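Take a look at the structure below.
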Amino acid sequence: MGEKFRDQFQSAVDNVREEGRYRIFRDIRRKAGAFPLATWFKEDSEKDITVWCSNDYLGMGQNECVVEAVKSAVDAAGTGSGGTRNISGTTRYHVQLEQELAGLHQKDAALVLTSGYVANEATLGVMSKILPGLVILSDEMNHASMISGIQRARCEKRIFKHNDLADLEAKLQDLPHNAPKLIAFESVYSMDADIAPIKEICDLADKYNALTYIDEVHAVGMYGPTGGGVCEERGLMDRIDIIQGTLAKAYGMIGGYIAADSVIIDAVRSMASGFIFTTSIPPSTAAGALRSVKVLKVTPEKRMQHQERANALKARFRDVGYDFIDGDTHIVPLMVGDPVKCQAISDRLIEDFGIYAQPINFPTVPRGTERLRFTPSPFHTDAMMDELMSALDIVWAEFGLKKANVA
């Protein structure tokens, strides 16, 4: 590579560093059976840490039943799937998993893809081919994968203000009633810890003849009697046309999926490049995900324990006066508001206190809203919370960050 081009790559990285949003990847190894404990590898040293920012919300990635399902599938079928779903990559494990996911969401069928990102990008990206003249109405806070899918669709799009029903309706009113329309939004928005007004959005979809597409990746396994997400919790699954979820968060594996009417699934399966042209997830992964979905269907107590732990951390933050987003979900964002300080606080916490909380900076969140995003699990004990609060008290004072006056 010529020096001229090398300099340009280096300049791009330097600019990110100067803005305080250079991403540091922590080299960790989780300890099986001891979630959320892990070992942090830094240069030639090792350090025991507590992970506070995992999306393995319920620790299912280390659940004994799930681990055993993965091991058994490896023993029975080996490792890789051997190809795309069309060319030898559809195994019995994939078929059973899709049947289970369809049942979870009370839909005719489901389709498993290689990640939640790909599920969004591939499905939204192919919608305009299926529905010529489509207009997609997208919440302004939608995930990057949804934005990428909408861009790939190359159709008209209208972005409505976050969870703003009046703005969404105004944009729907501007479109012909018979024009194909799709409203794309999330249930749980993971960075702001809020939940969409799903019923009201469905009401608008009915009124203006629009399809609904919901991303439930931060809700599946977590909400509802059987873990079907916020839509199940609120009795709204039948009103959503396409439900998208992930196997990589509450279910502790990897992969994404959509659940919908069988003809929708068949159309996406037949036309979406992101599904057609990539090797399927390994059989062992599908087997582990299948076991995880089944376990969480019948263990609502895991969800109750999780909510209790999240509420306990919020109560501690509230009592001390920390500036955090006190939302209705299991996610607890602690606001810092400065990218350099946010990274420095994260460094200090892991290096001196063994607490791993990853900084969330632009472009994941808007500039000036940088934060540490805490995701307490059922396995974060009161003692761990005591350690966290003591460490935050020291670090907050060191960096001159304010707390609210608490009576």
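Below, the figures for the structure above:
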| read-out | value |
| --- | --- |
| Odd one out for Leu236 among (1) surrounded by fewer than 24 Cβ atoms within 10 Å (Cβ to Cβ); (2) farther than 16 Å from Ile201 by Cα | (2) |
| Flag if Val340 is modelled with pLDDT under 95 and surrounded by fewer than 19 Cβ atoms within 10 Å (Cβ to Cβ) | yes |
| Count of the stretch 176-203 residues which are touching a helix residue (DSSP H, G or I) at 6+ places or on another chain (Cβ under 9 Å), open to solvent by less than 20 Å² (accessible area, probe 1.4 Å) and of a type outside the set (D, E, K, R) | 10 |
| Members of the stretch 83-119 found to be of a type in the set (Asp, Glu) and in a loop (DSSP other than H, G, I, E, B), listed by number | Asp108 |
| Selection within the stretch 214-227 - closer than 14 Å to Gln244 by Cα, of a type outside the set (Gly, Ala, Ser) and either open to solvent by 30 Å² or more (accessible area, probe 1.4 Å) or in contact with a helix residue (DSSP H, G or I) (Cβ under 7 Å, 6 or more places away or on another chain) (or both) | Ile214, Asp215, Glu216, Val217 |
| Test: residue in the stretch 139-152 that is within 25 Å of Gly235 (Cα to Cα), crowded, with 21+ Cβ neighbours inside 10 Å, of a type in the set (Val, Ile, Thr) and in contact (Cβ under 8 Å) with a residue 24 or more places away in the chain | no |
| Within the stretch 127-172, tally of residues that are farther than 27 Å from Tyr251 by Cα and part of a helix (DSSP H, G or I) | 15 |
| All positions within the stretch 33-44 that are part of a strand (DSSP E or B), open to solvent by 60 Å² or more (accessible area, probe 1.4 Å) and not aliphatic (A, V, I, L, M) | Lys42 |
| Selection count, the stretch 258-275, where residues are in contact with a strand residue (DSSP E or B) (Cβ under 7 Å, 6 or more places away or on another chain) and open to solvent by less than 50 Å² (accessible area, probe 1.4 Å) | 8 |
| Gly255 being touching a strand residue (DSSP E or B) at 6+ places or on another chain (Cβ under 8 Å) and modelled with pLDDT of 95 or more | yes |
| Flag for Tyr93 being closer than 26 Å to Cys202 by Cβ, aromatic (Phe, Trp, Tyr) and open to solvent by 20 Å² or more (accessible area, probe 1.4 Å) | no |
| Candidate set from the stretch 326-342 (those that are aliphatic (A, V, I, L, M) and over 22 Å from Ala219 (Cα atoms)); member that is nearest to the chain's Cα centre (by Cα) | Met335 |
| Failed condition for Asn163, given (1) within 21 Å of the chain's Cα centre (by Cα); (2) surrounded by 20 or more Cβ atoms within 10 Å (Cβ to Cβ); (3) under 28 Å from Asp266 (Cα atoms) | (3) |
| Unique residue being within 24 Å of Ala119 (Cβ to Cβ) and touching a Phe, Trp or Tyr at 6+ places or on another chain (Cβ under 6 Å) when the list is Gly228, Gly221, Gly149 | Gly221 |
| Residues of the stretch 318-334 that turn out to be closer than 19 Å to Gly20 by Cβ and open to solvent by 40 Å² or more (accessible area, probe 1.4 Å), as a count | 1 |
| Criterion: touching a strand residue (DSSP E or B) at 6+ places or on another chain (Cβ under 9 Å) and closer than 27 Å to Thr246 by Cβ - qualifying residue of Gly354, Gly327, Gly337, Gly288 | Gly327 |
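Per-residue answers, yes or no, for (1) of a type outside the set (A, V, I, L, M, F, W, C); (2) modelled with pLDDT of 90 or more; (3) more than 30 Å from Thr381 (Cα to Cα):
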{"position": "Ser11", "(1), (2), (3)": "yes, yes, yes"}
{"position": "Asn15", "(1), (2), (3)": "yes, yes, yes"}
{"position": "Arg21", "(1), (2), (3)": "yes, no, yes"}
{"position": "Ile24", "(1), (2), (3)": "no, no, no"}
{"position": "Arg29", "(1), (2), (3)": "yes, yes, no"}
{"position": "Gly33", "(1), (2), (3)": "yes, yes, no"}
{"position": "Pro36", "(1), (2), (3)": "yes, yes, no"}
{"position": "Trp40", "(1), (2), (3)": "no, yes, no"}
{"position": "Ser45", "(1), (2), (3)": "yes, yes, no"}
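The values are calculated or read from the model by the stated rules, or taken from the named source; none is laboratory data. Because the structure is predicted, anything quoted here is derived from the model rather than measured. Cβ sites come from the backbone with ideal geometry, for glycine too, and all protein chains shown count toward neighbours. Only protein heavy atoms, including side chains, enter the accessible area calculation; ligands, DNA and RNA are left aside. Shrake-Rupley method; radii C 1.70, N 1.55, O 1.52, S 1.80 Å.
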